[in-house]
1. Say each of D618 and S339 gets a label point 7 Å from the Cα, pointing the same way as Cα to Cβ; how far apart are those two points in nm?
2. Divide, for segment 632-689, the radius of gyration over alpha carbons by 2.2 N^0.38 Å, where N is the residue count.
3. What list of whole percents do you get for P(r) of segment 127-207, with Cα-Cα distances grouped in 5 Å bins up to the one holding the largest distance?
4. Would you mind computing, in nm to one decimal, how far apart the modelled labels at K347 and Q247 are, each placed 7 Å from Cα along Cα→Cβ?
5. One-quarter of the Cα convex hull surface for segment 402-503, in nm²?
6. With N denoting the number of residues in segment 286-431, provide Rg(C-alpha) divided by 2.2 N^0.38 Å, to two decimal places.
7. With no solvent and one equal point scatterer placed on each C-alpha of segment 335-379, evaluate the Debye formula and give log10 I(q)/I(0) for q = 0.31 Å⁻¹, two decimals.
8. Please report the spacing between the Cα centers of segment 487-563 and segment 344-395 in Å, no decimals.
Amino acid sequence: MTHRILFLCALLSAGTVSAQPPTSSLIPLPVRVVPAEGAFTFDAASTIALDQRELTDEGEFLRDGIRSLLGFAPMLLPAPKGRTVRLSILQRDSIPAEGYTLAITPDRIDIIGADDAGVFHGITSLLNMMHQGDNASPGIACRTITDLPRFAWRGMHLDVCRHFFPVAFVKRYIDLLARYKMNRFHWHLTDDQGWRIEIKKYPKLTQVGAWRNGSQYGPYNQHTFDSTRYGGFYTQEQIRDVVAYAQARHITVVPEIEMPGHALAALAAYPELGCTGGPYAVERGWGVFDDVFCPKEETFTLLQNVLAEVMELFPGEYIHIGGDECPKVRWKACPHCQSVMEREGLKDEHELQSYFIKRIERFVNEHGRKIIGWDEILEGGLAPNAAVMSWRGTEGGIAAAQSGHYAVMSPGSHCYFDHYQGDPAFEPLAIGGFTTVQKVYGYEPVPAELTPAEAKYILGAQGNLWTEYILTPEHVEYMALPRMAALAERVWSPKEVRDEGAFVRRLELEFENLGAMGIHFSKSLYNVEFSTKGSKKRGQVNTELSVAPGLGEIRYTTDGSEPTDTSARFFSTIEQRGSATIKAALFGGNKKLGNTTALTLTFDKATGRALQVEPGPDERYDDGGIFTLVNGVSAGAKRVNHEWLGWCTSQVTVTVDLGSEEGLAHAGIGGLEERSSWIHPPESVTIATSSDGQTFTDAATVRPDPKASGRMEFGTDLSGRSARYVRFTVRTLPAIPDDQPGAGNLPWLFLDEVHVR
Ligand code: ACM
Ligand code: ZN
């Protein structure tokens, strides 16, 4: 624990005994808060004093904020007058970039920033504190805050291609970023399903590329489509307006122009830039598509001219060039692509992708900017000055940092806010995944594998909002909040600030603020979560119920009835030795706070028994440990909770010890198909039995039904056999087939539950 944090703890505990403890919902938590006696009160004669003229934008932002909270607008003056908020920039070593101090005394408020961004962050802290509690009483408890960010890149992304969002909402989204001191807005502007940025030199990119003849809807594997023409784009004037709006909030807009994959909208407009020449259509469905940019000279000309206009519009250091999910099938069959590979001495299509990105990088660098791309840009060799956005896990970020390249961490496990954030029974349809606000709050952006010197290359982290299943602004807000607030604290506040209970109490105050502002957010935090564990007593399942600390009392039933405020209160482990449905809800006094969630345990001969799993699951998909396979709970059809364990390996063996020799009827294990996420069913599962745990006799080898999707069972009849041990040898495909997302990589294997009867 650092000196700074010891100091912080001392200050915070001092706060609880002060005469007027400030109820602070500030998110992200400031580095240091020193409470003091008294309060500052705005009056109609209050003014805002600007020490530097260049703080006019910040002064106006504060004035407008005060007007919307208190109903009057203080004048901006060059010197303090009356009850003043004084804004100033003071460059000194003690406040690093974006840092500030905010001193509230009974007759004056001073905000001193290391730079104008620091002043701005001080203003958002002040406005957010004024927002809490009683808006009718403008008194603000005195204190001094000293604050600075942990990371330079504190990002949020928005996909406007799968669904389009108007400028007014993009600004509202930027306001949310500013509220939580996020400072990068990654605007995903081009994709297969739509080209959303006007390019003067190539009008067809939006005339053709911004519109599609329908959209996919419903669960992915149902493959249902409507035929309603859908689309939209931003004019360059609108883009300039958004960039300026963000700049006034000290947020840099990072535009993403996707290449060489996710290019169908552009190819629909200019089919000559594909390998086959088309025709192509702007895509209606979700996923990864084979038709990508062909590395022809005409393609580079168009992309460079596009990027030249993009760099005119977006003044930030980084231009995002995509780079993810580029299938190589067209390139393999294309004479032009093959001739480029021969000419350039490239050994495979990954190197061709690398050649593509390096050429684009050279162009962007020549214009004084840098590229950032998704972690696939590492494949075939990273461009010399590129930064990497690590999304498929943390490996990409680790590899980048270890080779001296900057990285932004955005792993799907913690930073994909299109995933479910609570029990899908109560959530709108989502793409899949399961990422609760607690999980985001627990995220540490710097991978443990890095040395301190390498860790300096981790610029920060970013939350991503892909919008295949998100059609409205309200839904964007709901998916972003409160997870964005949790991530904001991770990227701003000191590493050591990790008090989930304290965070959740601030979040509860923040929910009131958001509600008052008419902003949508999820309260899935109030739903009880279940976790199961094994017991020394074999054949038993121990269940724990949890919510974040301090939210209320958990009450539950095990007879299937609805829990009420008089049901059993959960204090410790629920022990079950037979099938049951546990229902649980959170109560504050007699008020039910969330939804009732349920866990059904279905016992068979394997449930609660000892097992061996070789190798163990990948740490990213191992929430409940290997006991998950015998915990009496089968996962649903989708990968949306902790019931799935994942592996990226060629073979897994699962051996269950039934405890004693048993007469058997059936054995099976559950697997998953979710090809869009690179999860393929096992290639085969061999089921064998043994009486001594040494010598196994094969019973059957089962293969998947090629048409089956979602969860599927790999089982066999065992009538007439008796055994104590049952073994499943699960083999994966050697590589994802060519026509599938992730082609060429080892597929993921997901298993949920063993059944033995
Ligand atoms: C991504 O999610 N395809 C970067
Ligand atoms: Zn080609």
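The values are calculated or read from the model by the stated rules, or taken from the named source; none is laboratory data. No experiment lies behind these values; they were computed from the predicted model shown. Note that we place each Cβ from the backbone using ideal geometry, even for glycine, and neighbour counts take in every protein chain shown. Accessible surface is based on the protein model in full, side chains and every heavy atom, while ligands, DNA and RNA are left aside. Shrake-Rupley method; radii C 1.70, N 1.55, O 1.52, S 1.80 Å.
1. 4.0 nm
2. Details: Rg = 13.7 Å, N = 58, 2.2 N^0.38 = 10.3 Å.
Computed over Cα atoms of segment 632-689, the ratio equals 1.33.
3. Bin by bin from 0 Å, the calculated values are 3, 11, 16, 15, 15, 12, 10, 6, 5, 4, 3, 1.
4. For K347 paired with Q247, the spin-label model returns 4.6 nm.
5. Values: hull surface 29.6 nm².
Across all orientations, segment 402-503 yields a mean hull projection of 7.4 nm².
6. Values: Rg = 17.0 Å, N = 146, 2.2 N^0.38 = 14.6 Å.
Cα Rg divided by the expected 2.2 N^0.38 Å: 1.17.
7. Computed log10 I(q)/I(0) values: -1.04.
8. Each part's Cα centre sits 40 Å from the other's.
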